[in-house]
1. Determine which single condition residue 106 fails, assuming it passes every other condition in (1) free of Cβ contacts under 8 Å to residues at least 24 places away in the same chain; (2) assigned to a loop (DSSP other than H, G, I, E, B); (3) within 27 Å of residue 19 (Cα to Cα).
2. Can you pull out every residue in the stretch 656-694 that is surrounded by fewer than 12 Cβ atoms within 10 Å (Cβ to Cβ) and modelled with pLDDT under 80?
3. Take the residues in the stretch 18-54 that are assigned to a loop (DSSP other than H, G, I, E, B) and touching a strand residue (DSSP E or B) at 6+ places or on another chain (Cβ under 6 Å); name whichever of them is surrounded by the most Cβ atoms within 10 Å (Cβ to Cβ).
4. Can you spot a residue in the stretch 165-175 that is under 26 Å from residue 74 (Cβ atoms), at pLDDT 95 or above and under 30 Å from the mean Cα position of the chain (by Cα)?
5. Considering only residues that are buried (at least 21 other Cβ atoms within 10 Å of the Cβ) and assigned to a loop (DSSP other than H, G, I, E, B), look in the stretch 227-247 and name the one that is modelled with the lowest pLDDT.
6. Looking at the stretch 327-347, is at least one residue under 18 Å from residue 478 (Cα atoms) and surrounded by 21 or more Cβ atoms within 10 Å (Cβ to Cβ)?
7. So which residues in the stretch 629-642 are in contact with a strand residue (DSSP E or B) (Cβ under 9 Å, 6 or more places away or on another chain) and either surrounded by fewer than 18 Cβ atoms within 10 Å (Cβ to Cβ) or farther than 18 Å from residue 295 by Cα (or both)?
8. Quick test for you: out of 391, 395, 413, pick the one residue that is outside the structural domain of residue 290 (by TED's automatic domain parsing), touching a strand residue (DSSP E or B) at 6+ places or on another chain (Cβ under 8 Å) and either crowded, with 18+ Cβ neighbours inside 10 Å or more than 17 Å from residue 331 (Cα to Cα) (or both).
């Protein structure tokens with residue numbers, strides 16, 4: 001199909017903040033976006049894929065000063081590092097935008113002036129409690145122990161003149177749009193959060209300029225002000241297409257806007273689903289079609305920390321496992337709505353089981369058998385009778401069903417499920433080998449045609465699976481197809497089985513796609529990487545002179561304007577009306593007397609280990625009406641616990657809760673899923689359940705005694 005005939009598809013990632021090297025959780029997003037972009041190209045779309053870096057702000061200015069360089073030199077170095085990692089991960093972006101690009105800065109100034117001229121931006125001042133690392137403002141009630149609720153660092157009183165955007169002017173229109181476009185915010189849990197916690201309680205006006213630092217885009221008509229955070233960063237999605245504030249838009253803008261998909265982390269969903277759409281409304285531009293807030297990839301043994309040396313970086317992982325193994329892991333292990341977990345141990349497990357065994361061994365065995373029995377020639381003899389024919393038809397049906405399922409899951413952005421569907425092809429091929437036993441067929445000359453047919457069916461199945469895999473593991477897909485002397489199958493041709501040309505010869509020297517790894521050897525390498533990280537962090541902290549190093553996330557730079565005189569109250573969002581504590585209820589509960597169980601001794605009780613756990617991920621157990629499967633962080637370990645509480649809690653409600661856990665219960669399988677503990681609950685006379693939680697905030701792993 002000619003490029004001009006293809007339907008355009010515009011996908012973006014959030015732009016990475018240039019405060020430091022991105023860890024594997026940051027890298028996950030670009031790999032996820034790349035897999036979607038590649039698959040859309042396979043579906044025949046004319047894809048435009050944009051990523052880039054967010055490079056302004058007080059935090060950058062301070063870090064550059066600590067490093068003894070200019071802010072521009074600092075962001076040049078970090079942006080280069082980010083781009084190197086994106087390229088290392090074999091991502092196929094079309095545009096890498098930087099917010100220090102001259103054309104972007106010019107358009108931001110035009111946008112600011114346009115919004116000011118039409119009365120959407122006005123001058124006032126803000127006064128509040130400010131966290132510099134997070135570039136966020138908070139009310140006193142939002143602080144935790146008097147410190148920033150996001151990063152735990154001290155906050156400072158701040159007051160300065162600023163320009164504000166009239167958010168409330170457009171809030172009703174945005175609420176109507178969200179209600180009338182159910183696909184606009186995904187997953188649905190993110191939409192509910194934005195509506196209930198921010199939009200419906202009422203939006204306050206947004207601070208869009210600063211005067212206390214200079215590293216930003218100057219306001220053209222008031223140069224002591226610099227444009228603040230989101231009005232600068234968010235507009236990259238249109239400036240990167242050639243949007244012009246004067247109306248002289250470039251060809252790409254006309255072709256690709258509105259965006260089909262903004263792919264972002266769940267931590268910045270508010271800014272993309274509230275501020276960004278309102279900015280676009282004020283500019284009289286169409287809104288993006290969909291915004292997907294993906295979950296986080298968490299370190300298996302706790303929060304990533306430079307001081308602990310446990311931060312996982314893509315280049316370190318690639319040096320041990322290879323690019324496609326890392327791509328496979330981060331894509332396959334991330335649930336649709338809940339956080340995923342990554343660790344060196346889990347990587348080794350997946351490498352050995354899924355990649356080396358299920359996929360690599362299958363390809364190697366198939367090619368080796370074709371060479372051993374037929375000199376590498378693969379021919380479809382069509383030899384199958386009775387049960388043999390039934391086996392062949394079942395294989396073909398399974399392969400074609402997996403193709404259909406892959407497409408369905410990708411259309412739903414369920415990338416992990418799509419990869420699982422592809423690996424169902426490889427699993428089914430391995431089962432087919434066990435069913436047909438080619439080594440036994442080879443002993444009977446009369447079965448030679450049947451053996452050839454079996455190997456043809458295997459080769460054709462692998463070609464289809466490898467072609468599907470190209471969006472997720474492009475190098476591996478290419479290696480497999482090259483060894484089979486096959487062209488990548490077009491997605492439009494995957495509705496039929498048997499297109500691999502009969503009489504084709506496979507390579508006579510099959511390559512090992514993925515070698516099995518020894519866990520002990522990998523952990524030695526991990527320790528070396530950890531020591532190097534800790535040494536680098538110590539040197540960085542000494543240079544900074546503050547004992548904190550360079551840790552700290554980019555956050556929501558915002559203050560809220562209010563009052564007739566334009567005075568601003570601090571706060572990063574409208575209060576949701578709850579402090580997270582349980583309510584007492586309006587009616588008194590009746591006491592409950594239970595039938596006593598047999599007495600136990602203190603020694604019996606002491607055998608049980610009770611600890612505080614933090615739920616970092618949760619999902620429903622397939623085909624179960626009652627069960628939820630939670631990933632519970634207890635100290636440095638993550639326990640998988642299955643609980644019959646689905647009627648009382650959604651998976652989204654579970655994530656982030658601190659709960660009481662029995663951690664030394666013998667593991668057991670419930671509905672086929674391994675459970676490694678028990679979550680303690682209370683139950684009333686009507687059967688309502690409530691998770692038991694510590695009265696005060698306690699660290700995950702704290703002993704309950």
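The values are calculated or read from the model by the stated rules, or taken from the named source; none is laboratory data. Predicted, not measured: the structure shown is a model, and the values here were computed from it. Note that we place each Cβ from the backbone using ideal geometry, even for glycine, and neighbour counts take in every protein chain shown.
1. For residue 106, the failing item is (2).
2. 669, 672, 684, 685, 686, 687, listed by residue number.
3. Only one residue tops the list, namely 18.
4. No; the residues of the stretch 165-175 include none that is under 26 Å from residue 74 (Cβ atoms), at pLDDT 95 or above and under 30 Å from the mean Cα position of the chain (by Cα).
5. The initial filter retains those residues of the stretch 227-247 that are buried (at least 21 other Cβ atoms within 10 Å of the Cβ), namely 227-241, 243.
Still in the running and assigned to a loop (DSSP other than H, G, I, E, B): 228-229, 234-235, 240-241, 243.
Numbers: 228: 90, 229: 85, 234: 98, 235: 98, 240: 98, 241: 98, 243: 98.
By that ranking, first place goes to 229.
6. Within the stretch 327-347, one or more residues are under 18 Å from residue 478 (Cα atoms) and surrounded by 21 or more Cβ atoms within 10 Å (Cβ to Cβ).
7. 634, 635, 639, 640, 641, 642 - these are the residues of the stretch 629-642 that are in contact with a strand residue (DSSP E or B) (Cβ under 9 Å, 6 or more places away or on another chain) and either surrounded by fewer than 18 Cβ atoms within 10 Å (Cβ to Cβ) or farther than 18 Å from residue 295 by Cα (or both).
8. 413
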